[in-house]
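The values are calculated or read from the model by the stated rules, or taken from the named source; none is laboratory data. Every value quoted in this text rests on a predicted model; they were computed, and no experiment measured them. When we count neighbours, we look across all protein chains shown, and the Cβ atoms used for this are built from the backbone with ideal geometry, even at glycine.
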Amino acid sequence: MAGKSAEWVFEDPRLKAMHQDYDAYTEENFAVWKTLYERQIVNLPNAASKAYLEGIKEINFTADRIANFSEVNQILSKSTGWGVQVVPGLIDDDLFFGLLNHKRFPSSTWLRKMEQLDYLEEPDMFHDAFAHMPMLTNQPYVDFLQDLSGIALKYIDDKWAIHLLSRIYWFTIEFGLIRENGALKIYGAGILSSAGETKFSLSDDPEHRDYDVRSIMQTPYWKDKFQDKYYVIESYEQLYNSIPEIERVLAEELIANEDPEKEP
């Protein structure tokens, strides 16, 4: 970003020097992690992408131990050069995309309560860790994430551009499907952390569309219920190779949005 140092995001005062205080986790925290982990992991061998299943083994997550970010960072640094940056929760767009562009995945360290097992309005660390971090071991996936964030930083002051890019992020990183050996599999973290949506997304109930950048940018998404449509990639290389198209289509959509004769 213009006028800022290469490492500006780590120097920003909004990003407090936070860390994971592992010793502070309570018995309830461990019980919540274990319950969520065991409830979902049984659904994934036949549902999740091969990249996710390989990633969760590589990153060494288990039901009995809450994810330890120090250990995760050591593994990711050797795997793809990525790491985890502790954040308090939801953060501003420029910090979010700035961290991703610097190969740091933002994650909270707090866990939901037992009475919140089935729904949270704001993602907790189970979602951030269990669902997102195993995929950070896949190189084309993280390359896509980094370059998508680079595009977002170029348009960070354009709210409509960020909204269109959020649709790309939503229908890929959070709710994306991939076709492997002719079968639909899940790589989107929003699905991987939800037992209900894992089953629903692979069923015949929703619409399954081939990955299409323009279609995604023109498709709203829902935060409070299962999606009625999911986009399917053929490979993570396809996802990464779509970066130039994303930048081109974004520019075209922004121009079209300025047309006074265009319907809102």
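If you check Asp23, Asp64, Asp93, which single one turns out to be among the charged types (D, E, K, R) and closer than 26 Å to Ile233 by Cα?
Within the list Asp23, Asp64, Asp93, the selection yields Asp93.
Of the residues that make up region 165-182, is at least one modelled with pLDDT of 95 or more and at positive phi?
Yes, the conditions are met somewhere in region 165-182.
Is it the case, given these coordinates, that Leu100 is on the phi < 0 side of the Ramachandran plot, under 15 Å from the mean Cα position of the chain (by Cα) and surrounded by fewer than 15 Cβ atoms within 10 Å (Cβ to Cβ)?
no
Kindly indicate whether Glu234 is of a type in the set (D, E, K, R), on the phi < 0 side of the Ramachandran plot and buried (at least 20 other Cβ atoms within 10 Å of the Cβ).
no
Conditions: (1) under 17 Å from Ile151 (Cβ atoms); (2) modelled with pLDDT of 95 or more. Asn257 meets all but one. Number of the miss?
Among (1) under 17 Å from Ile151 (Cβ atoms); (2) modelled with pLDDT of 95 or more, the lone unmet condition for Asn257 is (2).
Just give me the residues in region 48-82 being aromatic (Phe, Trp, Tyr) and either part of a strand (DSSP E or B) or under 11 Å from Thr137 (Cβ atoms) (or both), in sequence order.
Tyr52, Trp82
Restricting attention to region 83-110, which residues are part of a strand (DSSP E or B), aliphatic (A, V, I, L, M) and within 18 Å of Asp147 (Cα to Cα)?
Of everything in region 83-110, just one residue is part of a strand (DSSP E or B), aliphatic (A, V, I, L, M) and within 18 Å of Asp147 (Cα to Cα), namely Val84.
Restricting to region 129-164, and then to whatever is among the charged types (D, E, K, R), in a helix (DSSP H, G or I) and free of Cβ contacts under 8 Å to residues at least 60 places away in the same chain, can you tell me which residue is nearest to Lys50 (Cα to Cα)?
The extreme case among them is Lys154.
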